[in-house]
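**Student:** Handing you a structure now.
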Amino acid sequence: MKYFNVAIEFDRQRVDNIIESTIKQNGKGYVCSVESNNLTIANRDKLFNEVLNSALINICDGSNIAWFLGRIHKKCLKPYIGADLFRIYVDKCKYRQYFLGNTPEVLDGLKRNLSKIDPKIQSMSFESLPFRKVEEFDYEAIAEKINKDNPDIIWVSLGAPKQEIFMNRLLPYLNRGVMFGFGAIFNFNSDAGHVRRAPKWMRNLRLEWLYRAFEEPKKNIPRYWNFIKLLPKLIAMEYKLSHKNIERNKI
């Protein structure tokens, strides 16, 4: 079902079933975590909207987005935060994984920390990418390296919306594997860099966005402001669609 013009799945069990069955069947696809920034872009850029809606499945990576949609549709909608999903799949200790993007320093810290959870991760691939525009990557060459490694899961950390477009363009060259575009999650699980996840009490109060705003104000405050400006229009549109669905169900 589409919410705010983007297909989002709120059923965690269905999300996990689709991911795991795709891996088991040697399929391929990508998973996007939908939050305020890429929701804003998706409602302003038709091509990026198509990128999100071409995903294997999308999760809601914003507790406030889930809250608004739950009130509109009178449903209990809960987010599936990308940082939580990442740890769930690492903790399974059963998939071969490939870590792509971010900086060598962050990747070194990530490898060190994740290897404490699953020692097999020590022998898995951690690869930084050169800083360039998304259309300038050699996708065929990148996919060739990944295909040789034959991972079940490819984690991509390039930041939104770059990582979503990157996954969409890389997909045709992959033989198999599920890609996840989760941005700062490498940083959250590495000792390197200054980006940290909000403390649990702030996450429980749906204030993780506020923590991120103060942590990286130049980057995140403009993003949040653009979403806030767009939000009344999105809510009005969603209410209208909700009432149409109610009337349709009465017939």
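**Student:** Could you check Ala198 against (1) modelled with pLDDT under 95; (2) closer than 25 Å to Asn17 by Cβ and say which number it fails?
**Tutor:** (2)
**Student:** While we're looking at this one, here's another question. Tally up the residues in segment 183-219 that are in contact (Cβ under 8 Å) with a residue 40 or more places away in the chain and either farther than 24 Å from Arg112 by Cα or loosely packed, with under 15 Cβ neighbours inside 10 Å (or both), please.
**Tutor:** Residues that pass the stated criteria total 5.
**Student:** For segment 36-52, state whether one or more residues are closer than 22 Å to Lys240 by Cα, β-branched (Val, Ile, Thr) and in contact with a Pro (Cβ under 6 Å, 6 or more places away or on another chain).
**Tutor:** There is at least one residue in segment 36-52 that is closer than 22 Å to Lys240 by Cα, β-branched (Val, Ile, Thr) and in contact with a Pro (Cβ under 6 Å, 6 or more places away or on another chain).
**Student:** Cβ-Cβ distance below 8 Å, separation of 6 or more or different chains: which pairs start in segment 113-129 with a residue that is at positive phi and buried (at least 16 other Cβ atoms within 10 Å of the Cβ) and end on one that is part of a helix (DSSP H, G or I) and at pLDDT 95 or above?
**Tutor:** Nothing qualifies.
**Student:** For segment 130-143, give me the residue count where each residue is surrounded by 14 or more Cβ atoms within 10 Å (Cβ to Cβ) and out of contact with any helix residue (DSSP H, G or I) (no Cβ under 6 Å at 6 or more places or on another chain).
**Tutor:** Number of matching residues: 2.
**Student:** Give Asp108, Asp118 a once-over and let me know the one that is touching a Cys at 6+ places or on another chain (Cβ under 9 Å) and farther than 19 Å from Gly29 by Cα.
**Tutor:** Asp118
**Student:** Can you work out which of the residues in segment 92-105 that are within 18 Å of the chain's Cα centre (by Cα) and not aromatic (Phe, Trp, Tyr) is surrounded by the fewest Cβ atoms within 10 Å (Cβ to Cβ)?
**Tutor:** Across segment 92-105, the extreme among qualifying residues is Gln97.
The values are calculated or read from the model by the stated rules, or taken from the named source; none is laboratory data. Please read all numbers here as calculations on a predicted model, not as lab measurements. Glycine also receives a Cβ, built like all others from the backbone with ideal geometry; neighbour counts cover every protein chain displayed.
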